[in-house]
Amino acid sequence: MVEMTESTYRIQGGTGEWEVVIGLEVHAQITSESKLFSGASTEFGAEPNTQVSLVDAAMPGMLPTLNAECVRQAVRTGLAINAQINKYSRFDRKNYFYADLPQGYQISQLYHPIVGEGVIQISLDEKDPDAHGKAIGVERIHIEQDAGKLMHDQHPTMSYVDLNRCGVALMEIVSKPDMTSPKEAAAYVRKLRSILRYVGSCDGNMEQGSMRADVNVSVRKPGGELGTRTETKNVNSMRFIQAVIEYEAQRQVDLIEDGGTVVQETRLFDPDRNETRSMRSKEDAHDYRYFPDPDLLPLELEDDFIFDCKASLPELPDEKRARYKNVLGLSAYNAAVLTAEHETALWFEQLLDISDEPEKIASSAANWVTSELFGALNRLGVGIENSPVTPAQAAELLGLVADGTISGKIAKQVFEIMLETGDGAKKIVEEQGLVQESDTGAIEAVIAEVMAANADKVAQYRDGKDKLFGFFVGQTMKAMQGKANPQVVNELLKKSLG
Amino acid sequence: MTEIFELGIAGIRSGIADGDFTAKEVAETFIARVSAAKPLNAFLVETPEHALAAAEATDKAKAAGETLGKMAGVPIGMKDLFCTQGVPTTAASLILEGFVPQYESTVSANLFKAGAGMLGKLNMDQFAMGSSNETSAFGNVISPWRRNDGGNSDLTPGGSSGGSATVVSGRIAPAATGTDTGGSIRQPAAFVGITGFKPTYGRCSRWGTIAFASSLDQAGPMARDVRDCAIMLEAMAGFDAKDSTSLNLPVPDWEAALNSNLAGKKIGIPKEYRVENMPAAIDALWQQGIEMLKDAGATIVDVSLPHTKYALPAYYIIAPAEASSNLSRYDGVRYGLRDLPDGAGLQDMYAATREAGFGPEVKRRIMIGTYVLSAGYYDAYYTQAQKVRTLISQDFDKAWNSCDLLLTPTAPSAAFGLGEKNDDPLAMYLNDVFTVPSSLAGLPAMSVPAGLDGKGLPLGLQIIGKALDEQGVFNAGLAIEERAGFVAKPEQWW
């Protein structure tokens, strides 16, 4: 269903064009009340070191016990990207010393990750996703502990450490090197974030660090051998990910064309200077001495558990988008926009729920949401989950338009009042006398007045100046304070003007 | 009447039940013994108030007619590897000097719940790494035993649970906790003529026990006889959700099912345990053990455990590998020793702290462990060692086709003099040659005292059982105990 498209993103070098190859390792914080191996809370923003258990602080003799909810969320995420779920997985220790890592090792999954290969469909064109889609392979997903946080600004000579985040569960979602432009990388992260939020396994909040990416970049001559890659760590916004790729690709091309070679190394992104710089080279790389964690048994999943995980998944963005298009008859654009965020789709579906025949109102409701509602939310600067107008209220408004009680134009006016006052549409329409006039007698009377007052224009129209028709419509509507049914006005005017 | 300090757990239990003495009298007796035993350097911390409080609780419960716990009124010694709430816990290392846990290990909590009191924290080999107690940062424990050749040289009580061995054999405590990673309960038990039991891996929770090698560490009792070990293990063991490797099984009533009639039991004698240069006394003792078990009704069969000779090298890869990682947490950041030289950065602090805090044997094992896990060496060492471990387990599985239990010596020698093997770590490691295979396989195993060597020093026999068959091990041990009639005890010279 999705065709692969050739990337057209190229770096122009002195020796010709270069192609960029990108792989992403996304660290997504698993949504769970407590940490991966301890009962401490994971809530964001608490006072330093108030959410630290004896296990998190690596007190002598403390042992990890696996949080089943984190396993469930990782399996659900894997199922959501049609990945292989490994019924046998295991935890390994990644050993290194740092003050934010009390155990002296991170518990991770190197050799036997819980989730194997999967795929994520991305789209490069919001307006027509199916026509410009691409499949990005996911190599694996494993679960691991997050580290704590060092604070260097608390004391002139000492560093402080906050262990609140230490031990929080992460999924590391490793893509294949299937992306070839900054735009594709951004689309991948956007889509991944959307899926995670649908699944409910990660809140996708990049500002709070719930999602961050290690960006692997290499360059090559189009179609040539893969080049040496660099890995830029902990990039925490969609914009920065693109900036890293652009900077790194250009830096590597310049380096190679100047006769240098790219070294495999870890780099850091400096958002202030919009550049990456070397953190440590391969020679200085840690030897992490991975080995199976003897404190934890291998993780073995039952078929029933996997089945339950599958059954608990909501309709996912791709399926939903297809349904909106094919069953509800929405435009490709509306289907894409309404399904990108789970909250938007849920809001939209609550709106449709009001009707017995959702297919009939779906298109007009979709147009209203993507134009009127989005416009209003944009102006107010709130997300749809905080919309001042509920789906039920919106349904009432759209119902008044559908049954001809008010015109689309009046509906806009009513919606503005709803936003301001929180009142219901019916109440506003009644109180302000905004009911649409469809009574032909009343409209004919006004038309007669308008024609009488503009006899000269009537003559001109009848002489062939067709453009004056709009003038008569406007005059009639004005005389009726906009409440006349425009269709009826049109019909009657045509008849009267002959 | 027998002196109270001569009594073990069962003796104290019946004495209190019969009203011969109160728990408080028992506690006071042993507290006095502890005070008098300072020359042996067995205690790192003395906690008489803890023993007294537990005793008073027992006396009160008895007066109220309540059912007493399995360990009611028994004041025990606690190996310093167990974290004890509010009581300093160091694993006999400087790096944990001054560390006072805010939590109680599951094993010690279980014992206290069963009515035991604590006389104090026992000296040991640093982080349980050693076979002679000489790696303790606070001076070695001295065995209460002396050779009968008049030399009067100080002997090792064995290790790593050397403090535990010394206090039980010296009648300073009726029983003590031990931990066994490669023989650290069984070898010292053999060296001092007491009974020491390492249960199936997972019987006792490791939560709150300072880790040496997680896949091998098991707590167990060290006591005067088999029955006492059974009582105490019942109190120590049990499923603990806080330890993922804990066995979710009920604790059997081992004491009630003790039975030294071994009719129908087959005892395997593994030929690979006949090592070169084994002292004749040990060989002879092994033969006597065979006769004792026959006498108890068992059939003796020869078995082969062909990979035995690879057990020790595999153990000295796996245990240090796990230790190198387990001990990374001692970094000077959060607790214990911190050595922060002027102008030091983080890496300097790590280096200075760990240099000052760890003893030479601990450093040796951290370095070995780090090496065998390193890129380029991992497969050659760690992976190979794990394969050997699997083969060792399979050896035992095959042996169980033809026998129910195995009988071997516990250690290849009697207790040696302090300082005799200090310069040769490999010679020290050989102490574990008979105990390590069952540790690698996670099997229950016990050392029972069975005789003395030519110099009047105790020798032990080891019984190894199938996983979860602690009962079989206890029963065979009891059969030996009844026939060996081991009553020797050290003269009190301290």
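The values are calculated or read from the model by the stated rules, or taken from the named source; none is laboratory data. None of these values were measured; they are calculated from a predicted model. Don't worry about glycine lacking a Cβ; one is built from the backbone with ideal geometry, like all the others, and counts go over all protein chains shown. Quick note on the areas: whole protein, heavy atoms, side chains included, nothing else; ligands and nucleic acids left out. Shrake-Rupley method; radii C 1.70, N 1.55, O 1.52, S 1.80 Å.
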Considering every residue within region A:243-250, establish whether at least one is among the aliphatic types (A, V, I, L, M) and open to solvent by 70 Å² or more (accessible area, probe 1.4 Å).
-> no
Pick from B:Ser324, B:Ser393, B:Ser413: which is within 22 Å of the chain's Cα centre (by Cα) and within 12 Å of another protein chain (Cβ to nearest Cβ)?
-> B:Ser324
Considering only region A:206-255, how many residues are over 28 Å from A:Thr15 (Cα atoms) and among the basic types (Lys, Arg)?
-> 3
Of the conditions (1) at pLDDT below 90; (2) open to solvent by less than 40 Å² (accessible area, probe 1.4 Å), A:Ala448 fails just one. Which one is it?
-> (2)
Please identify the pairs in which a residue from region B:334-353 that is more than 10 Å from chain A (Cβ to nearest Cβ) has its Cβ atom under 8 Å from the Cβ atom of a residue that is open to solvent by 50 Å² or more (accessible area, probe 1.4 Å) and in a helix (DSSP H, G or I), counting only partners at least 6 apart or on another chain.
-> B:Leu337/B:Leu94; B:Asp339/B:Glu355; B:Pro341/B:Asp348
Flag if A:Thr339 is surrounded by 13 or more Cβ atoms within 10 Å (Cβ to Cβ) and assigned to a strand (DSSP E or B) | no
Return yes when B:Thr200 is within 30 Å of B:Gln471 (Cα to Cα), in a strand (DSSP E or B) and of a type in the set (Val, Ile, Thr) and no when it is not.
-> no
Region B:380-494: helices (runs of 4 or more DSSP H) wholly inside it with 3 or more residues that are under 23 Å from B:His307 (Cα atoms) are B:384-399, B:425-429, B:436-440
Is there any pair with a first residue in region B:227-255 that is within 11 Å of another protein chain (Cβ to nearest Cβ) and a second that is of a type in the set (Asp, Glu) and open to solvent by 10 Å² or more (accessible area, probe 1.4 Å) whose Cβ atoms are under 6 Å apart and which are 6 or more apart or on different chains, and what are they?
-> B:Ser246/B:Asp240
Output for region B:468-483, where each listed residue is hydrophobic (A, V, I, L, M, F, W, C) and surrounded by 19 or more Cβ atoms within 10 Å (Cβ to Cβ) | B:Val473, B:Phe474, B:Ala476, B:Leu478, B:Ala479, B:Ile480
Would you pick out the residues in region A:148-206 that are within 23 Å of A:Asp100 (Cβ to Cβ) and of a type in the set (D, E, K, R)?
-> A:Lys149, A:Asp153, A:Asp162, A:Arg165, A:Glu172, A:Asp203
Does A:Ser38 satisfy the criteria of being in a loop (DSSP other than H, G, I, E, B), among the polar types (S, T, N, Q), within 14 Å of chain B (Cβ to nearest Cβ) and open to solvent by less than 20 Å² (accessible area, probe 1.4 Å)?
-> yes
Within region B:447-459, can you find the residues that are open to solvent by 10 Å² or more (accessible area, probe 1.4 Å) and of a type outside the set (A, V, I, L, M, F, W, C)?
-> B:Pro449, B:Gly451, B:Asp453, B:Gly454, B:Lys455, B:Gly456
Within region B:87-100, is there a residue that is touching a His at 6+ places or on another chain (Cβ under 9 Å) and within 14 Å of chain A (Cβ to nearest Cβ)?
-> yes
So, of the residues in region A:78-105 that are open to solvent by 10 Å² or more (accessible area, probe 1.4 Å), more than 11 Å from chain B (Cβ to nearest Cβ) and in a strand (DSSP E or B), which turns out to be farthest from A:Pro314 (Cα to Cα)?
-> A:Tyr88
Show the residue pairs that are 6+ apart or on different chains and have beta-carbon atoms under 9 Å apart, the first residue being within region A:288-312 and on the phi < 0 side of the Ramachandran plot and touching a residue at least 40 places away in the same chain (Cβ under 8 Å), the second being open to solvent by 50 Å² or more (accessible area, probe 1.4 Å) and part of a helix (DSSP H, G or I).
-> A:Pro292/B:Gln386; A:Phe305/A:Arg72; A:Cys309/A:Arg72; A:Ser312/A:Arg72
Test result for B:Phe191, assigned to a strand (DSSP E or B) and either more than 14 Å from chain A (Cβ to nearest Cβ) or over 14 Å from the mean Cα position of the chain (by Cα) (or both) | no
Please work out which one of (1) in contact (Cβ under 8 Å) with a residue 40 or more places away in the chain; (2) not in a strand (DSSP E or B) is the condition B:Ala263 fails and give its number.
-> (1)
Filtering region A:251-273 down to residues that are among the polar types (S, T, N, Q) and farther than 19 Å from A:Gly16 by Cβ, which residue is least open to solvent (accessible area, probe 1.4 Å)?
-> A:Thr266
Does region A:218-228 include one or more residues that are more than 21 Å from A:Ala243 (Cα to Cα) and part of a helix (DSSP H, G or I)?
-> no
Has region A:67-77 got at least one residue that is crowded, with 21+ Cβ neighbours inside 10 Å, within 7 Å of chain B (Cβ to nearest Cβ) and in contact with a strand residue (DSSP E or B) (Cβ under 7 Å, 6 or more places away or on another chain)?
-> no
Considering only region B:354-379, how many residues are within 11 Å of chain A (Cβ to nearest Cβ), open to solvent by 60 Å² or more (accessible area, probe 1.4 Å) and assigned to a helix (DSSP H, G or I)?
-> 1
Looking only at region B:137-146, decide whether some residue is more than 17 Å from the chain's Cα centre (by Cα), within 30 Å of B:Glu56 (Cα to Cα), away from every other protein chain (no Cβ under 14 Å) and surrounded by fewer than 24 Cβ atoms within 10 Å (Cβ to Cβ).
-> no
Among the residues of region B:51-65, is there at least one that is under 15 Å from B:Thr177 (Cβ atoms) and of a type outside the set (Gly, Ala, Ser)?
-> no
Got at least one residue in region A:45-66 being within 14 Å of another protein chain (Cβ to nearest Cβ) and assigned to a helix (DSSP H, G or I)?
-> no
A:Ser371 vs (1) open to solvent by 60 Å² or more (accessible area, probe 1.4 Å); (2) more than 19 Å from A:Ser331 (Cβ to Cβ): all pass except (2)
Within the bounds of region B:107-126, is there any residue that is more than 14 Å from chain A (Cβ to nearest Cβ) and either modelled with pLDDT under 95 or within 21 Å of B:Asp423 (Cβ to Cβ) (or both)?
-> yes
Given (1) within 23 Å of B:Phe486 (Cα to Cα); (2) open to solvent by 40 Å² or more (accessible area, probe 1.4 Å); (3) within 24 Å of the chain's Cα centre (by Cα), where does B:Leu249 come up short, assuming only one miss?
-> (1)
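Can you confirm whether A:Gln154 is open to solvent by 40 Å² or more (accessible area, probe 1.4 Å), assigned to a strand (DSSP E or B) and either among the polar types (S, T, N, Q) or outside the structural domain of A:Glu248 (by TED's automatic domain parsing) (or both)?
no
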